[in-house]
Amino acid sequence: NKVGIGIAMAKKTKASSTVTLEPAATPRLLEHYLSTVRPHLEKVLGRTNPHAIPKLEKIVISMGVGAATTEKKYLDEGLGALAQIAGQKPIATISKGAVAGFKLRENQAIGGKVTLRGRRMYEFFDRLVSTALPRVRDFRGLSSTAFDGHGNYSLGLSEQMVFPEINPDRYTRPQGMNITFVTSAETDDEARDFLVAMGLPLKKQGEGDAAA
């Protein structure tokens, strides 16, 4: 009868609502930071307050697509590649003014940007260090001086194919990008110690600063 059916459905709904999902595993680099990097920096910096230890706050990946001024398809292709690399939908960056010589109009979409935090931030960092950078031709390390004076570090990649998730049959046009690591470090030296401990392959100071 209808009453019996209603009771059965209510029990089924209640049972299904109690199903819990397994928590996602902690990213490998976050575990590394908590178990190894932070204790190391506590000793090096002489600090006991964990909140005073440098940490990664966000990673910003930006991509300028100059060819977008004449061919919109290049912008679409660049944004598609950026989404594949970051695992997150990018936002378009807009020109602030017009430049007639470059056929650039005001408020024209000329690139894209993604800001990564939390899990995606650590997972991207891990893929960059373990997979992408070793695929850069003749790679000998990153500049040790590309800091901004406030504990943030930027590097440039000349093309996106170093990320294995990019299908070379779909994304045929080389497209560079800039990657900025925003840290909580108070100085560039603290940020350098932190990033090296996290596995970013910076050259030792004085070895030269060839770009990736």
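Odds and ends about this structure:
- Size of the stretch 142-201: Rg and Dmax of its alpha carbons, in Å, are 14.3, 44.
- Gain on full extension, evaluated as 0.36 nm per residue between residue 43 and residue 119 minus their Cα-Cα distance, stands at 24.7 nm.
- If the convex hull is drawn through the Cα atoms of the stretch 113-165, its volume per residue in Å³: 111
- Hz values of 3J(HN,Hα) by residue in the stretch 148-160 - Karplus curve (6.51, -1.76, 1.60), Gly and Pro given as x: 9, x, 10, x, 10, 10, 10, 9, x, 10, 7, 7, 8
- Phi angles across the stretch 129-142 convert, under the Karplus curve 6.51 cos²θ - 1.76 cosθ + 1.60 with θ = phi - 60°, into 3J(HN,Hα) values of 6, 7, 10, 6, 4, x, 8, 6, 5, 6, 6, 10, x, 9 Hz, Gly and Pro given as x.
- For the residue pairs 73/113; 55/204; 55/203; 58/204; 89/203, alpha carbon separations beyond 28 Å are given by 89/203.
Bear in mind that the values in this text are calculations on the coordinates, not laboratory data. The model shown is predicted, which means the values in this text are computed figures rather than measured ones.
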